[in-house]
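Shown next, in structure tokens, is the structure this report addresses.
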Amino acid sequence: MKLLMIYCTRFSYTPQIKTLDEFPHVNESAVFENSLVAFIHAEEHDQQNAKSVETKLIKNLKWAAKKNNTTKVVLHSFAHLAETKAGPQFTKEIFDLAEARMKNANYDCTQTPFGYFLDIDVHAPGVSQARIFKGF
């Protein structure tokens, strides 16, 4: 898994192009403030170690959120950080499990629409912990 985390004072999206027909249709835009936005790329080999990948994802999200003094986390599928991709059903399942675990730990966690290209607007401060990349 590749994980690019950006602390955003403002993050918004608008769905543009649906790329995966098997996922729900979404029209609504959304805006988030003072949130950690996680750009997540699940790789093909992650499918063999799902529980380990999920645990590492959660630990990294909590660590980065704490470093940026927020409990708001947005999960965004961004399949452009590595050469191989996990299947969309696997990736969505990891997102759903991660969201549930983060909510269980008292984080305000949500996902961007899965299976869409989105127009996004990112406003991130220029501080050292606002941009973190992890591969595992």
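Read-outs: derived from the displayed coordinates by stated rules, not from any lab. From a predicted model like this one, the values you see are computed outputs, not experimental measurements. Quick reminder, even Gly has a Cβ in these numbers, built from the backbone with ideal geometry, and neighbours come from all protein chains shown.
Brief remarks on what is shown
- Linear extension gain, GLN16 paired with ALA30, 0.36 nm per residue minus alpha-carbon span: 3.7 nm
- When DSSP beta bridges are restricted to pairs lying wholly in the chain, around 75% turn out antiparallel.
- Burial ordering of GLU22, GLU93, fewest other beta-carbon atoms within 10 Å first: GLU22, GLU93
- Inter-site label distance for PHE90 and PHE117 at 7 Å from Cα along Cβ, in nm: 2.5
- Simple spin-label estimate for SER52 and PHE136 in nanometres, 7 Å along Cα-Cβ: 1.1
- Rough spin-label spacing in nm, given labels placed 7 Å along Cα→Cβ, for ASN106 and GLU44: 4.3
- Cross-link table LYS85/LYS134; LYS51/LYS103; LYS18/LYS56; LYS18/LYS51, entries beyond 25 Å C-alpha to C-alpha: LYS18/LYS56; LYS18/LYS51
- Anisotropy class of the stretch 20-60 from Cα gyration tensor, a/c 1.5 cut: oblate
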